[in-house]
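The values are calculated or read from the model by the stated rules, or taken from the named source; none is laboratory data. Not measured: the values here are computed from a predicted model. Glycine also receives a Cβ, built like all others from the backbone with ideal geometry; neighbour counts cover every protein chain displayed.
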Amino acid sequence: MDLPPRVMEVDDTLTLRAFAGEADLPELFRVIEESLEHLRPWLPWAGEHSLARTTRFLARRAELWASGEEYTYAIVVDGAIVGACGLFRRDENRDEAREIGYWLHPSATGRGVATRTARALAEQAFRLPGVDLVEIVHDAANLASGAVPARLGFIAYERRAFEPVAPMETGEDQVWRLTRDRSTADPAARAGRPGLAVGN
Ligand SMILES: CC(C)(COP(=O)(O)OP(=O)(O)OC[C@H]1O[C@@H](n2cnc3c(N)ncnc32)[C@H](O)[C@@H]1OP(=O)(O)O)[C@@H](O)C(=O)NCCC(=O)NCCS
C-alpha cells in the first residue's frame, strides 16, 4: 500500500510531521492544555483530556498509520507544535473518500495555518491510490472551521444530523466536498492560491 510522506514541508515556516510516539508527549500535552478552552466547545475529546488520554493517542498513531485508517500529523510552525491534523478513512466501504480534520493552538490562529494545512492534506489525499473525494465535516455553527474548506474551493455538499456531544455542537454537521476533478480544474488552484494545486 502507498503511504503518504511522514513529513510534509508545506512552506518555509509550516511543516506537517507524523507524531513520534512518546517523544512528543510533553510538548503535545502542554499545547492541548493551553488550547483546552478553545477546543472544548467543538471537540468532544477535549472534554476528556488527560495525560493518560494523550499518551494513548500517541501510542496508537503508528498502528493506525500502518493500517491506512488515519494519517495524523503534528502541525509544526517554526519548529514548535501548534496543533494537529489528519487524513482519515471514516468508512471502510468508501475507498475513494478521505476526511480531513484539524485544530490549532489559539495563538496559531488567524494566519492561514489551518487553510495551508488542509490544502496540503487534500493534495496528499488525491495522491493516494483510488482516492477522488475529500471531505471536511464540522458542526454547522463552527464558522471558523467552515471557512477553511470554503477558502480552498470545497463545495458545501450537505447538512446532516448527529448526536451533539461537545458544548457548542448543535447536532447539525456541515459536510464539504472536494473532488479530484474540481481540485485540478479550479482556476484558483491553477493560479496557485488560495485554491488547491493538485497535480502541478
Ligand atoms: C478551526 C480552526 C483550526 C480555524 O483556524 P483559523 O485560524 O480560523 O484558520 P486559518 O489558520 O486557516 O486562518 C484563517 C485566517 O487567517 C487569515 N490568513 C492570513 N494568511 C492566510 C493565508 N495565507 N491563507 C488563508 N488565510 C490566511 C485569513 O484571512 C483568516 O483570517 P480571519 O479569521 O480574520 O478571517 C480554529 O478555529 C480551531 O482550532 N478551532 C477549534 C478546533 C476546531 O473547531 N477544529 C475543527 C473541528 S471540525
Considering only residues that are in a loop (DSSP other than H, G, I, E, B) and either on the phi > 0 side of the Ramachandran plot or among the aliphatic types (A, V, I, L, M) (or both), which ones fall in region 1-58?
M1, L3, V10, A20, L43
Among L25, L64, L87, which is the only one that is closer than 25 Å to A150 by Cβ and surrounded by 13 or more Cβ atoms within 10 Å (Cβ to Cβ)?
L87
Inside region 141-151, can you point out the residues that are more than 9 Å from the ligand (Cβ to nearest atom) and either within 23 Å of D181 (Cβ to Cβ) or under 13 Å from the mean Cα position of the chain (by Cα) (or both)?
P149, A150
Pairing a residue in region 117-131 that is of a type in the set (D, E) with any residue that is more than 16 Å from the ligand (Cβ to nearest atom), where Cβ atoms lie under 6 Å and the two sit 6 or more apart in sequence or on different chains, gives E123/V198
Report whether or not L25 is within 16 Å of the ligand (Cβ to nearest atom), at pLDDT 95 or above and of a type outside the set (K, R).
no
Would you pick out the residues in region 108-140 that are over 19 Å from R90 (Cβ atoms) and near the ligand (Cβ under 10 Å from one of its atoms)?
A108, T109, G110, R111, G112, V113, A114, T115, R116, R119
Within region 29-61, can you find the residues that are under 18 Å from the mean Cα position of the chain (by Cα) and either surrounded by fewer than 18 Cβ atoms within 10 Å (Cβ to Cβ) or of a type outside the set (A, V, I, L, M) (or both)?
S35, L36, H38, R40, P41, W42, P44, W45, T54, F57, R60, R61
Which of the numbered conditions does L104 fail, given that it passes all the others? Conditions: (1) more than 6 Å from the ligand (Cβ to nearest atom); (2) surrounded by 22 or more Cβ atoms within 10 Å (Cβ to Cβ).
(1)
So, V113, is that one under 14 Å from the mean Cα position of the chain (by Cα) and over 25 Å from I155 (Cβ atoms) or not?
no
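Yes/no matrix, rows are residues, columns are (1) touching a helix residue (DSSP H, G or I) at 6+ places or on another chain (Cβ under 8 Å); (2) under 19 Å from D139 (Cα atoms); (3) away from the ligand (no atom under 15 Å from the Cβ); (4) free of Cβ contacts under 8 Å to residues at least 12 places away in the same chain:
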position: Y71; (1), (2), (3), (4): yes, no, yes, no
position: V77; (1), (2), (3), (4): yes, no, no, no
position: G86; (1), (2), (3), (4): yes, yes, no, no
position: A97; (1), (2), (3), (4): no, no, yes, no
